[in-house]
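The values are calculated or read from the model by the stated rules, or taken from the named source; none is laboratory data. In this text, all values refer to a predicted model and were calculated from it rather than measured experimentally. Every residue, glycine as well, gets a Cβ built from its backbone with ideal geometry; the counts of neighbours run over all protein chains shown.
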Amino acid sequence: MALRPSVPLLAPSILSADFTRLGEALQFLEASGADTVHVDVMDGRFVPNITLGMPVVAALRKATKLPIDCHLMIVEPSRYALEFVEAGADWVSVHQEADPHLHRTLHAIRAKGAKAGVVLNPSTPVETLADLVDDFDFVLLMSVNPGFGGQSFIPRVLDKVRRLDALRTERQAPFLIQVDGGVGTANAARLVEAGADCLVAGNAVFKAADPSQAVKDLQAAMKQGRG
Ligand code: DX5
Ligand code: ZN
């Protein structure tokens, strides 16, 4: 991936949007200055919840120019990752815990033309990525146990962001660090300060009384974190 962005990216998660009005949610995101659309794909096996699949991603693709970021919370992600790229995903991330052949899957996603990411659950240490740092474009650190929006941020993840940032510096690997789960104005600045480049936010955007203002507030907090 190219160099890290000068301004941290905001990736609102449509999991918290009104599923009967996804087109409007996309229009809102474009107008509000969001950077990507985060799409949570859940299969009821890797996580307890079931959400959506390739046909919905293909429909979203037709309705927005924003990059689509598909977070695959599914078993055997290598079976479906390329289908999500074909459906229009620009970024695809797979869980380390779900794939014993990550190297192969990540290279296949990149070869298909998308940015490849690895996701780590809260209990998976960042050191597991030490032998893979050149093989992905971004790492998604879960700051809740995946499966549902609206959960509380696990503070320990701040330390994981710092350790991953140190690994990145030590190995001179230009991957992005994304954080997902319980992100809001209360922790956005600290996460960016610790090294995060992209924050996912579901409830903090879509359940806010004023979602446009929520995007602005989050972006302002993120800029503050960059100093
Ligand atoms: C949780 C999902 C998240 C979720 C975040 O499993 O991966 O992307 O939408 O929602 P909030 O920001 O409400 O925690
Ligand atoms: Zn997610």
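Observations
- Among the numbered conditions (1) under 20 Å from Val94 (Cα atoms); (2) hydrophobic (A, V, I, L, M, F, W, C); (3) assigned to a loop (DSSP other than H, G, I, E, B), the only one that Leu15 does not meet is (3).
Condition check ((1) more than 16 Å from the chain's Cα centre (by Cα); (2) of a type in the set (Ser, Thr, Tyr)) across all residues:
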{"site": "Leu140", "(1), (2)": "no, no"}
{"site": "Pro174", "(1), (2)": "yes, no"}
{"site": "Leu199", "(1), (2)": "no, no"}
{"site": "Ser212", "(1), (2)": "yes, yes"}
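- Residue within region 45-55 that is crowded, with 23+ Cβ neighbours inside 10 Å, among the aliphatic types (A, V, I, L, M) and on the phi < 0 side of the Ramachandran plot present: no
- Members of region 151-173 that are surrounded by 14 or more Cβ atoms within 10 Å (Cβ to Cβ) and either on the phi > 0 side of the Ramachandran plot or not basic (Lys, Arg) (or both): Gln151, Phe153, Ile154, Val157, Leu158, Val161, Leu164, Asp165, Leu167, Ala173
- Qualifying residue in region 32-39 (condition: modelled with pLDDT of 95 or more, in a helix (DSSP H, G or I) and surrounded by fewer than 20 Cβ atoms within 10 Å (Cβ to Cβ)): yes
- Failed item in (1) in contact with a His (Cβ under 7 Å, 6 or more places away or on another chain); (2) part of a helix (DSSP H, G or I); (3) under 24 Å from Ala208 (Cα atoms), with Gln27 passing the rest: (1)
- Scanning region 201-213 for residues that are in a helix (DSSP H, G or I), without any contact (Cβ under 8 Å) to a residue 24 or more places away in the chain and either closer than 11 Å to Ser16 by Cβ or in contact with a strand residue (DSSP E or B) (Cβ under 6 Å, 6 or more places away or on another chain) (or both) turns up just one, Ala204.
- Ile68 being of a type outside the set (Phe, Trp, Tyr), within 21 Å of Gly181 (Cα to Cα) and surrounded by fewer than 17 Cβ atoms within 10 Å (Cβ to Cβ): no
- Selected residue (only one of Val41, Val7 is in contact with a Gly (Cβ under 9 Å, 6 or more places away or on another chain) and β-branched (Val, Ile, Thr)): Val41
- Among the criteria (1) within 15 Å of ligand 2 (Cβ to nearest atom); (2) within 25 Å of Leu102 (Cα to Cα), the one Ile154 does not fulfil is (2).
- Members of region 89-136 that are touching a His at 6+ places or on another chain (Cβ under 6 Å) and among the small types (Gly, Ala, Ser): Ser93
- Which listed residue is polar (S, T, N, Q) and within 19 Å of Glu97 (Cβ to Cβ), from Thr169, Thr128: Thr128
- Here no strands (runs of 3 or more DSSP E) wholly within region 77-192 include at least 2 residues being within 16 Å of ligand 1 (Cβ to nearest atom) and out of contact with any strand residue (DSSP E or B) (no Cβ under 7 Å at 6 or more places or on another chain).
- Residue in region 41-58 that is more than 12 Å from ligand 1 (Cβ to nearest atom), assigned to a loop (DSSP other than H, G, I, E, B) and of a type in the set (S, T, N, Q) present: no
- Residue in region 194-212 that is surrounded by the fewest Cβ atoms within 10 Å (Cβ to Cβ), counting only those that are on the phi < 0 side of the Ramachandran plot and more than 16 Å from ligand 2 (Cβ to nearest atom): Ala209
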